[in-house]
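The values are calculated or read from the model by the stated rules, or taken from the named source; none is laboratory data. Because the structure is a prediction, the values reported are computed rather than measured. For neighbour counting, all protein chains shown are included, and Cβ atoms are generated from backbone atoms with ideal geometry for every residue, glycine included.
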Amino acid sequence: MVDFVPDDTAELRGWRNEARQFLEETIPGGFYFDYDYDESPERWAKCIDFWQAVGRKGWTALTWPAAYYGQGRSAIERYILQEEFCTYAAPNYPVIGLAVATALLRHGTPEQKKQHLKGIAECTTLWGEGYSEPGAGSDLAALTTTARRDGDGWILNGQKTLGTAAHMCQWMMVLARTEVGVQRHAGISCFILSLDLPGVTLLPLENMADGQQNQTFFDNVRLPADALLGTEGQAWTEIWFGQGGEKLVAGTPPDIWQMRIERQLKLLRGYCAETQRHGAPLDQDPVVRLQLAELYSGVELLKLHAKENYAQSTQLDWHASNPVSPIMNLGWFKEFWPDFCQTYMDILGPQAMVAEGPDALCNGHFEHYFRASFGNHAGGTAQLKRMTMATRGLGLPR
Amino acid sequence: MAIDLSFNDTQTMLRDSAREFFGAKLPLTKLRERTTKGDFSEAIWREMADLGWLGMGLPEACGGFACSLSDFYAFYLEMGRQLVDVPHLESVVVAGGLIAAAGRDADHATLAAIAAGDTVVAPALFEENGGHCADDVHLTIDGGRLRGRKMYVRFAGQASHLLVAARDGGRLALFLVEATQPGVTITSLPNIARTPLYRVDVDLLVGELARIGGGRDITAEFNEVIARAAILLAAEVAGAGERILEFTVNYAKERSQFGVPIGKYQAIQYLCTDIALHYRHTSLFALHAASREGEEDFLLRASLAKAEACRAAGAMTFASHEVHAGIGFMEDYDLQLFTRRAKLWENLYGDRRAHLEMIARLA
């Protein structure tokens with residue numbers, strides 16, 4: 001039965017109100033912070049404070065089983081909670097802890113779950129990613145970092161790159177090759193390790209939107225036996241598809257990072273309504289009106305994508321079933337985002353160049369968000385998503 | 001169940017029976033034989049009436065049955081998939097919808113005749129610039145005469161009646177006119193879509209005409225009904241898109257050049273994924289808009305759906321031509337049928353520009 005409304009009962013509407021009330025009390029007026037493009041220690045601290053408050057409510061682990069710090073609540077409740085977080089401009093959960101939690105819940109040993117899930121739920125331990133390498137980006141299976149058996153444990157050697165905010169993290173999830181010379185996707189294993197271990201070195205990579213990513217070097221890092229997450233040699237299917245296919249996890253919520261764009265659109269529309277250009281409000285200009293309508297349409301589509309992803313992951317089918325539609329949707333966002341920013345730069349004109357000071361538009365938000373839009377390739381390029389759509393979705397030859 | 005995009009039993013049944021019926025009765029091969037009348041024939045219309053399809057959404061007292069816009073959506077997906085060219089949208093959805101919304105009890109006989117298939121009504125609403133809302137009706141009653149021109153009237157040449165929109169002292173009014181009566185001149189407009197499209201010139205005395213709904217203004221009802229039509233055109237585009245995607249992908253798998261299937265080339269893969277994205281986005285917007293019937297944002301949702309559909313119709317056929325190259329340019333190949341129809345979809349009940357302007361106004 002076609003239904004796009006998530007909160008269709010009084011109970012669920014009450015839940016939405018509870019979430020909204022929490023946000024109003026915890027971050028009055030919203031708190032705009034994207035850890036990918038921000039190195040301010042005060043704002044980082046405020047973001048962590050916020051997620052610790054969410055953790056105290058038990059809401060980060062809302063849908064996890066009770067045995068592992070969760071509340072066993074429904075996917076739709078999680079969806080509604082995150083929709084409120086998006087609308088209210090809450091910060092995203094810092095770095096990749098939630099993805100690690102998904103992998104732990106699926107493939108971790110009871111001891112690993114006990115050891116790590118609490119820190120993620122309470123946001124007391126931050127997790128970074130060790131996936132990409134200088135020679136293995138889109139083609140992740142070309143990775144050459146190795147983990148060699150050594151007694152009970154492992155010796156890790158290699159280099160990871162583009163590790164978003166790894167310098168803020170205490171732990172890392174790393175993909176490494178445990179068997180050399182086998183078919184590319186086989187022989188890759190997943191490890192979880194403390195960044196305090198001897199032999200781990202970080203080097204900063206500053207991105208063009210004021211954030212920091214990192215090179216992570218592993219020089220004979222000695223890992224204990226319980227650093228292995230999941231089955232040896234099976235990380236490609238167990239973990240990576242759990243990640244790349246992360247969007248397929250039941251009850252995929254809307255993406256806070258993507259929904260930032262709605263806030264920019266509100267700012268833009270406000271600016272166009274109050275700004276006179278050539279003797280008339282900018283939003284009366286017929287070309288600008290069409291551009292604003294196109295941007296609005298794109299943002300509405302993004303919201304529909306969130307609902308489609310939810311429906312796809314919980315019902316696994318709508319009339320023209322397509323198992324890769326969540327990847328299609330993510331790929332589309334990756335193309336839309338820079339296009340959105342380019343369009344508003346066209347509308348705003350020269351003042352949008354000014355980054356700070358009294359002459360900057362909206363404290364430079366537009367200028368900064370334009371720069372950030374080239375971070376759209378994090379988690380896989382738009383082109384790679386297109387190739388996945390074509391081959392896995394449409395069945396075209398590889 | 002919160003957030004569920006799957007069809008219920010009624011919708012599945014409507015979709016499946018439409019697919020079966022139109023697939024058997026009006027396959028694409030027959031489309032090449034049609035020239036001036038589209039798919040319309042007494043026989044087809046009678047069969048559609050017998051299946052109950054001409055009573056969709058019309059009052060039960062008139063032989064109709066309740067039909068949500070989501071139900072219509074399921075049916076129109078198949079109409080688009082099969083490029084069906086019958087006056088269902090015109091006579092049942094738009095004329096029937098307008099008469100049901102704006103009419104009085106006296107007009108129920110007309111609705112019963114529409115549902116039974118005895119009367120086919122072609123709405124003659126808009127003028128040389130096309131249109132998608134009441135503001136686009138300019139023809140004005142002057143000195144008791146309804147005199148002027150209506151354009152792009154689909155199926156006027158096959159209809160028994162026309163439903164003419166005009167301004168009467170600033171208010172919007174509808175008149176039911178017999179297609180053959182003196183003072184009505186119907187002229188065929190040969191067109192890219194090869195759909196039966198007409199110019200209608202009227203010179204009639206208002207006092208002698210049947211006015212729908214008496215003298216009250218019916219702007220709100222009018223805009224709602226046209227919004228429904230726009231959403232169903234978007235559903236047709238989605239249905240067509242599903243089919244364009246299928247045959248384009250199949251061609252890319254089968255056609256070999258330089259020793260490999262062309263679908264192995266990323267340039268071709270991009271074109272195919274373009275079609276997939278446009279098709280999915282149109283269906284998503286249209287399905288969502290359909291679910292908002294009766295809600296405050298209905299007109300906005302309708303414009304979002306139609307604006308997307310207009311872009312998709314052009315972009316999907318373009319991409320498919322790029323994949324097919326020479327063969328797609330041939331009259332014998334199915335693609336050209338979709339390319340032609342796309343232009344009708346892009347222009348009927350508001351083009352992309354008009355709906356973007358509506359979005360700018362309503363959002």
Which helices (runs of 4 or more DSSP H) sit wholly inside region A:40-149 and have at least 3 residues that are within 26 Å of A:Gln21 (Cα to Cα) and in contact (Cβ under 8 Å) with a residue 12 or more places away in the chain? A:41-57, A:75-87, A:110-121
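Residue-wise test of (1) closer than 22 Å to A:Gly30 by Cα; (2) at pLDDT 90 or above.
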| position | (1), (2) |
| --- | --- |
| A:Thr237 | no, no |
| A:Trp240 | no, no |
| A:Glu246 | no, no |
| A:Pro254 | yes, no |
| A:Gln264 | yes, yes |
| A:Arg277 | no, yes |
| A:Asp283 | no, yes |
| A:Pro286 | no, yes |
Top-ranked residue of region B:217-269 - restricted to ones that are free of Cβ contacts under 8 Å to residues at least 60 places away in the same chain and part of a loop (DSSP other than H, G, I, E, B), ranked as nearest to the other protein chains (Cβ to nearest Cβ): B:Tyr265
Please tell me if A:Ile120 is more than 17 Å from A:Ile188 (Cα to Cα), in the same structural domain as A:Glu25 (by TED's automatic domain parsing), β-branched (Val, Ile, Thr) and surrounded by 17 or more Cβ atoms within 10 Å (Cβ to Cβ). no
A:Gly357 vs. criteria out of contact with any Phe, Trp or Tyr (no Cβ under 8 Å at 6 or more places or on another chain) and away from chain B (no Cβ under 13 Å): yes
Considering residues of region B:37-85 that are among the polar types (S, T, N, Q) and in a loop (DSSP other than H, G, I, E, B) only, the residue nearest to the other protein chains (Cβ to nearest Cβ): B:Ser68
Reported set for region A:54-65 where residues are surrounded by fewer than 18 Cβ atoms within 10 Å (Cβ to Cβ) and modelled with pLDDT of 95 or more is A:Arg56, A:Lys57, A:Gly58
Go through region A:26-39 and give me each residue that's under 18 Å from A:Arg263 (Cβ atoms) and part of a loop (DSSP other than H, G, I, E, B). A:Ile27, A:Pro28, A:Gly29, A:Gly30, A:Phe31, A:Tyr32, A:Phe33, A:Asp34, A:Asp38
Residue match in region A:248-262 (condition: within 14 Å of chain B (Cβ to nearest Cβ) and of a type in the set (Ser, Thr, Tyr)): yes
Can you name the condition, by its number, that A:Phe4 falls short on among (1) surrounded by 15 or more Cβ atoms within 10 Å (Cβ to Cβ); (2) away from chain B (no Cβ under 14 Å)? (2)
Failed condition for B:Ile262, given (1) under 15 Å from the mean Cα position of the chain (by Cα); (2) over 30 Å from A:Pro286 (Cβ atoms): (1)
Residue by residue through region B:99-135, note down the ones that are more than 15 Å from B:Ala173 (Cβ to Cβ), surrounded by fewer than 17 Cβ atoms within 10 Å (Cβ to Cβ) and in contact (Cβ under 8 Å) with a residue 60 or more places away in the chain. B:Ala116, B:Gly130
Assuming A:Lys385 fulfils every condition listed in (1) in a helix (DSSP H, G or I); (2) more than 14 Å from chain B (Cβ to nearest Cβ); (3) on the phi < 0 side of the Ramachandran plot apart from one, which condition is it? (2)
